[in-house]
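One structure below.
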Amino acid sequence: NAGVMQNPRHLVRRRGQEARLRCSPMKGHSHVYWYRQLPEEGLKFMVYLQKENIIDESGMPKERFSAEFPKEGPSILRIQQVVRGDSAAYFCASSPSGKGPLYGYTFGSGTRLTVV
Amino acid sequence: KNEVEQSPQNLTAQEGEFITINCSYSVGISALHWLQQHPGGGIVSLFMLSSGKKKHGRLIATINIQEKHSSLHITASHPRDSAVYICAVYYFGNEKLTFGTGTRLTIIP
């Protein structure tokens, strides 16, 4: 049973380009959470999604960032017109139901985005 | 001020020493997680606690709900335990984790 798969592991983008980060949850998991870890800072919540629904996006920057979790396929975190401050590690976690932090979470290995 | 405070921020110890990492939080929680992150690596969940104590191998986690405090202990520490240890809490009705800033542990052979 494969874990949470994130790709790419490393992504380099020039300022102004778009970054697409993918997260395939564990089999049977229908809830996905995205977190960001800025250099030398702790992890911060970004967005919580179920299939085809955004449940909580209170941690998402208001502009340039969007997330989706379609009926088929991985969850995508999309950053448009990247800036140097977007350089960070982006982690997703999945759970089989809501209240993932209470009933069980599995983290992916993260995508390290570098904006040059 | 972070809602979740960890101490110490950095800890260096000799192989074999008993290690304690502390986590304090400001309001009542439903669960607390201890996570491990190796440099450049992913995040591994070590424990999820809502009360009492859990043990896995050389790792022990305790939580005191009344005092809003948790500790992670490592017995007979080994260089491979060198990592960042992160405490994260979950509040009912708030479907996400809130993280401490982590404790960077280095075990010297």
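Of all residues in region B:23-58, count the ones that are in a strand (DSSP E or B), more than 17 Å from A:G104 (Cα to Cα) and in contact with a strand residue (DSSP E or B) (Cβ under 6 Å, 6 or more places away or on another chain). So the count comes out to 5. For region B:13-33, the condition of being of a type outside the set (S, T, Y) and without any contact (Cβ under 8 Å) to a residue 40 or more places away in the chain holds for none of the residues.
Any chance you could count how many residues in region B:15-48 are away from chain A (no Cβ under 13 Å), within 20 Å of B:S82 (Cβ to Cβ) and small (G, A, S)? So the answer is 1. Remark: B:Y85 matches the filter, which requires a residue to be over 19 Å from A:R36 (Cβ atoms), within 14 Å of chain A (Cβ to nearest Cβ) and buried (at least 21 other Cβ atoms within 10 Å of the Cβ).
A Cβ distance below 6 Å, combined with a sequence gap of six or more or placement on separate chains, defines the contacts here; from region B:93-109, residues that are polar (S, T, N, Q) reach residues that are surrounded by fewer than 19 Cβ atoms within 10 Å (Cβ to Cβ) and modelled with pLDDT under 95 in the pairs B:T98/B:E3.
Within region A:16-33, can one find any residue that is touching a helix residue (DSSP H, G or I) at 6+ places or on another chain (Cβ under 9 Å), closer than 21 Å to B:G40 by Cβ and either among the hydroxyl-bearing types (S, T, Y) or at pLDDT 95 or above (or both)? Yes, there is a match, as at least one residue in region A:16-33 is touching a helix residue (DSSP H, G or I) at 6+ places or on another chain (Cβ under 9 Å), closer than 21 Å to B:G40 by Cβ and either among the hydroxyl-bearing types (S, T, Y) or at pLDDT 95 or above (or both). Meeting the requirement of 3 or more residues that are aromatic (F, W, Y) and either within 11 Å of the chain's Cα centre (by Cα) or more than 25 Å from B:V84 (Cα to Cα) (or both), the strands (runs of 3 or more DSSP E) wholly within region A:31-116 are A:31-37. If you check A:S75, A:S66, A:S87, A:S94 for being in contact (Cβ under 8 Å) with a residue 60 or more places away in the chain and more than 9 Å from every other protein chain (Cβ to nearest Cβ), only one passes: A:S94.
Within region A:67-91, the set of residues being of a type outside the set (A, V, I, L, M) and either in contact with a helix residue (DSSP H, G or I) (Cβ under 9 Å, 6 or more places away or on another chain) or surrounded by 15 or more Cβ atoms within 10 Å (Cβ to Cβ) (or both) comprises A:E68, A:F69, A:P74, A:S75, A:D86, A:S87, A:Y90, A:F91.
The values are calculated or read from the model by the stated rules, or taken from the named source; none is laboratory data. It should be emphasised that the depicted structure is a prediction, and the values quoted were computed from it without experimental measurement. Neighbour counts are summed over all protein chains in view; Cβ atoms, including those assigned to glycine, are modelled from backbone coordinates with ideal geometry.
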